[in-house]
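Comments concern the structure below.
Just so you know, all these numbers are worked out from the coordinates, no wet-lab data involved. The model shown is predicted, which means the values in this text are computed figures rather than measured ones. Methodologically, a virtual Cβ is constructed for each residue, glycine included, from the backbone with ideal geometry; neighbour enumeration extends over all protein chains shown.
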Amino acid sequence: VQLQAYGGGLVQAGDSLRLSCVASGRTSNTWSMAWFRQAPGKEREFVGAYFRNQYPVIAESVKGRFAVSRANARNTVYLQMNSLRPEDTAVYSCAAASTLIRSTVASQTAHTYWGHGTQVTVSS
């Protein structure tokens, strides 16, 4: 399975941006896809996920501004980012797992597959 993230770029504070992650290869009905981000000098953190093709999960730190959704094809997950702030500047990566339990949805080690990240830069 390969993951490819798209949609990063340079935006101004307050703007919106939508990232896409496309999975190619053999997935499953219980496929989970997640977004993580890593800002300069900081550890990578969980942003959101579409859990087991059932429902979205979003981190408290971005709740109300970011949303995760899934395409009907189920191999594509989106991260809609609104009201962007300079502190949202990071490399955003998508990750996936074929079987995941709810308590591990935010765990990096629980995700087997990782794609290359896409840079999001928010200027003030």
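Using only the Cα atoms of the chain, construct the convex hull and provide its projected area averaged over every direction, in square nanometres to one decimal.
If you wrap the Cα atoms of the chain in a convex hull and average its projections, you get 6.8 nm².
Would you mind putting 21-28, 84-91 in packing order, based on average other-beta-carbon counts within 10 Å, highest first?
84-91, 21-28
For the chain, with only Lys/Arg (+1) and Asp/Glu (-1) charged at the beta-carbon, what is the dipole magnitude about the Cα centre, in debye rounded to 20?
Charge dipole of the chain: 340 debye, to the nearest 20.
Mind giving me the FRET efficiency for ASN72 and SER124? R0 is 41 Å, r the Cβ-Cβ distance, nearest 0.05 is fine.
0.65
Where in region 9-47 is the amide nitrogen less than 18 Å from a point lying 7 Å along the Cα-to-Cβ axis of THR109?
Zone members listed by number: 43-46.
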